[in-house]
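Okay, structure first, notes after.
What follows draws every value from the coordinates through simple rules; no lab data is involved. Note that the structure is predicted; figures quoted are calculated from it, not measured. Quick reminder, even Gly has a Cβ in these numbers, built from the backbone with ideal geometry, and neighbours come from all protein chains shown.
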Amino acid sequence: MTKKERAALVCEKLNEAYGTDLYCYLEYDHKKPWQLLFATIMSAQCTDERVNLVTRELYKKYPELTDIANADIKEFEKDIFSTGFYHNKAKNIIACAKVLLEDFGGEVPSDIDELTSLPGVGRKTANVVRGNVYGIESIVVDTHVKRVTKLLGLTKEDDPVKVEFELMKILPKEQWILYNFQAIALGREICIARRPKCSICPLAEVCKNRRKDS
């Protein structure tokens, strides 16, 4: 079986198990894409649940992009403290807000190069925005996606960017955004690091690293 054939079978089984509805784990006002952008920056090394708790209050305190651009950095650090790495996150988010206002008229761009030119924005964050806000086919490689993809034998790479480009070659384009959500769900609920539940995994038949005793 080729990687493309394996990938097609994986997608079929993921669609059967998780459906094909699109959803986002991070909460935001869909009229304000910058909220998702900043929430995704905050989600680095932090759970989506924690970020959602923080942003529910954060975006009440800073309802507009200009409010964040003009925020006092020390106060903002306190506001996002529980997401971890708050010094860099606060610095990047405030700087990003200023660039969006000064260079993009307050709008979040959809172009990958423009997005990754923003402070604190890498390909993962950019692709979250592109997929969820603009519906642009994109692959988000977080820790769950990378682990699941390697276990399935669809990649041997450890670099998230290399994993992303490899998946772009073998996954059907219409499945890219869906694969993000489905692989994350599988990684959180079943294919858990160090304690996978292989006996109930919908991909057990096609997984190259299935544990028969789990």
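When residue 182 is tested against (1) in contact with a His (Cβ under 8 Å, 6 or more places away or on another chain); (2) within 17 Å of residue 11 (Cα to Cα), only condition (1) is not met. Scanning segment 5-34 for residues that are acidic (Asp, Glu) and in contact (Cβ under 8 Å) with a residue 12 or more places away in the chain yields 16, 27, 29.
Only residues that are assigned to a loop (DSSP other than H, G, I, E, B) and surrounded by fewer than 16 Cβ atoms within 10 Å (Cβ to Cβ) were counted in segment 28-58, giving 5. If you check residue 205 against the conditions, is it among the charged types (D, E, K, R), more than 30 Å from residue 94 (Cα to Cα) and not in a loop (DSSP other than H, G, I, E, B)? Against the criterion (among the charged types (D, E, K, R), more than 30 Å from residue 94 (Cα to Cα) and not in a loop (DSSP other than H, G, I, E, B)), residue 205 qualifies. Among the residues of segment 138-174, the one identified as part of a loop (DSSP other than H, G, I, E, B), of a type in the set (Asp, Glu), buried (at least 16 other Cβ atoms within 10 Å of the Cβ) and touching a residue at least 12 places away in the same chain (Cβ under 8 Å) is 142.
Among residues of segment 61-84 that are under 21 Å from residue 99 (Cβ atoms), those with a beta-carbon under 8 Å from a residue that is basic (Lys, Arg) and loosely packed, with under 13 Cβ neighbours inside 10 Å at least six positions away or on a different chain give the pairs 67/61; 79/61.
Restricting to segment 116-137, name every residue that is among the β-branched types (Val, Ile, Thr), farther than 11 Å from residue 36 by Cβ and in contact (Cβ under 8 Å) with a residue 24 or more places away in the chain. Residues satisfying the conditions are 121, 136.
Tell me yes or no: at least one residue of segment 107-114 is crowded, with 19+ Cβ neighbours inside 10 Å and outside any loop (DSSP other than H, G, I, E, B). Taking every residue of segment 107-114 in turn, none turns out to be crowded, with 19+ Cβ neighbours inside 10 Å and outside any loop (DSSP other than H, G, I, E, B).
Each row is one residue, and each column tells you yes or no for (1) within 25 Å of residue 115 (Cα to Cα); (2) within 15 Å of the chain's Cα centre (by Cα); (3) aromatic (Phe, Trp, Tyr).
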| residue | (1), (2), (3) |
| --- | --- |
| 4 | no, no, no |
| 8 | no, no, no |
| 20 | no, no, no |
| 52 | yes, yes, no |
| 63 | yes, no, no |
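Restricting attention to segment 35-52, which residues are β-branched (Val, Ile, Thr) and without any contact (Cβ under 8 Å) to a residue 24 or more places away in the chain? Passing the criteria: only 47.
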